[in-house]
Amino acid sequence: MASSLGFNFFFLPLVFAIFTRPTLAVFKPSSWKLAHATFYGDETASATMGGACGYGNLFTNGYGTDTVALSSTLFNNGYACGTCFQIKCVQSKACYANVPYTTVTATNLCPPNWSQDSNAGGWCNPPRVHFDMAKPAFMKIAWWKAGIVPVAYRRVPCAKKGGIRFSFQGNGYWLLVYVMNVGGGGDVYSMAVKGSKTGWITMSHNWGASYQAFSSLGGQGLSFRITSYTTRETLTLWNVIPSNWQVGLTYNTNFNFR
């Protein structure tokens, strides 16, 4: 199946993949905290496509319109990509009283705007904690003409359908991997890759949800070791990428965090 970005999705049979992880607790929601939320784009959410996390087409890759751009205080240099939040409008006439909250996934950065005061337009200036929501998500909790509303928020487990996905970019000597559809805490702290002819190679964080290895791995089946930023839980996904993998394709696995 080809996505609108030209990616093809491959589903690997369980017989070729081995999955290991320690038995750890399921990710638990955090306590509620206060912040503010705005929105960007229009009802189609077309302005949210791409984004600093590198998820590309959010519809094709399973994120839809329930997404949010985080202020840099929350974004944490991209380590917060994929995290999930419940957000509810509070203490405003613009709030919809019959909506307890909506759940969104972090897919983008709301950058600082130093030309404006932090309390008058520079909503994402550090150290503010701020959520710039896709307009369809904002419209679930508040009247959109309000522009900005006070909210309560908390981190929650990311309930994802299917397994972690890996989208490949790079060349013969450099592999850049975008990690998508991560469950549990939703975030990634570190990654390592192992070719069928190599040992484990530590990958460096590039930006957003991407990790890179400067190594020639073409023609080898690949395994990945992924550690969650929030829980430090580690998954080892053995032989989840076939030896004929190609740059420009996205590969699905059958395994995920909880």
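Counting residues in region 94-112 that are more than 19 Å from K135 (Cα to Cα), surrounded by fewer than 15 Cβ atoms within 10 Å (Cβ to Cβ) and not assigned by the TED database to the domain that holds A209 gives zero. Each residue in region 117-126 was checked for being within 22 Å of the chain's Cα centre (by Cα) and either surrounded by fewer than 18 Cβ atoms within 10 Å (Cβ to Cβ) or assigned to a strand (DSSP E or B) (or both), and 1 of them qualify.
Matching residues to (1) at pLDDT below 95; (2) not basic (K, R):
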{"residue": "A134", "(1), (2)": "no, yes"}
{"residue": "K140", "(1), (2)": "no, no"}
{"residue": "I148", "(1), (2)": "no, yes"}
{"residue": "V151", "(1), (2)": "no, yes"}
{"residue": "R154", "(1), (2)": "no, no"}
{"residue": "C158", "(1), (2)": "no, yes"}
{"residue": "K161", "(1), (2)": "yes, no"}
{"residue": "F168", "(1), (2)": "no, yes"}
{"residue": "L176", "(1), (2)": "no, yes"}
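Filter region 127-155 down to residues that are in a loop (DSSP other than H, G, I, E, B) and over 15 Å from T105 (Cα atoms) and give me whichever is nearest to the chain's Cα centre (by Cα). Per the criteria, the residue is V129. Reported count of residues in region 243-258, each being of a type in the set (A, V, I, L, M) and outside the structural domain of G184 (by the TED database), is 0. Of S46, S4, S30, all but one fail to be at pLDDT below 95, touching a Lys or Arg at 6+ places or on another chain (Cβ under 6 Å), open to solvent by 20 Å² or more (accessible area, probe 1.4 Å) and among the hydroxyl-bearing types (S, T, Y); the exception is S30.
Mind checking which residues of region 153-163 are closer than 14 Å to F85 by Cα and either open to solvent by 30 Å² or more (accessible area, probe 1.4 Å) or among the charged types (D, E, K, R) (or both)?
Matches in region 153-163: R154, R155, P157, A159, K160.
Residue count for region 167-180, restricted to those that are open to solvent by 20 Å² or more (accessible area, probe 1.4 Å), touching a Ser or Thr at 6+ places or on another chain (Cβ under 9 Å) and in a strand (DSSP E or B): 3. Taking (1) within 11 Å of the chain's Cα centre (by Cα); (2) surrounded by fewer than 23 Cβ atoms within 10 Å (Cβ to Cβ) in turn, D187 satisfies each apart from (2).
Residue-wise test of (1) under 15 Å from Y63 (Cβ atoms); (2) open to solvent by 10 Å² or more (accessible area, probe 1.4 Å).
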site	(1), (2)
P136	yes, yes
W143	no, yes
A146	no, yes
V151	no, no
R165	yes, yes
A192	no, yes
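With respect to the conditions (1) among the hydrophobic types (A, V, I, L, M, F, W, C); (2) in contact with an Asp or Glu (Cβ under 6 Å, 6 or more places away or on another chain); (3) modelled with pLDDT of 90 or more, V68 falls short on a single one, namely (2).
The values are calculated or read from the model by the stated rules, or taken from the named source; none is laboratory data. Everything numeric here is computed off the predicted structure, so don't read it as measured data. Using ideal geometry, Cβ is built from the backbone for each residue, glycine included, and neighbour counts are taken over all protein chains shown. Each accessible area value is taken on the protein alone, full model and side chains, heavy atoms only, with ligands, DNA and RNA left out. Shrake-Rupley method; radii C 1.70, N 1.55, O 1.52, S 1.80 Å.
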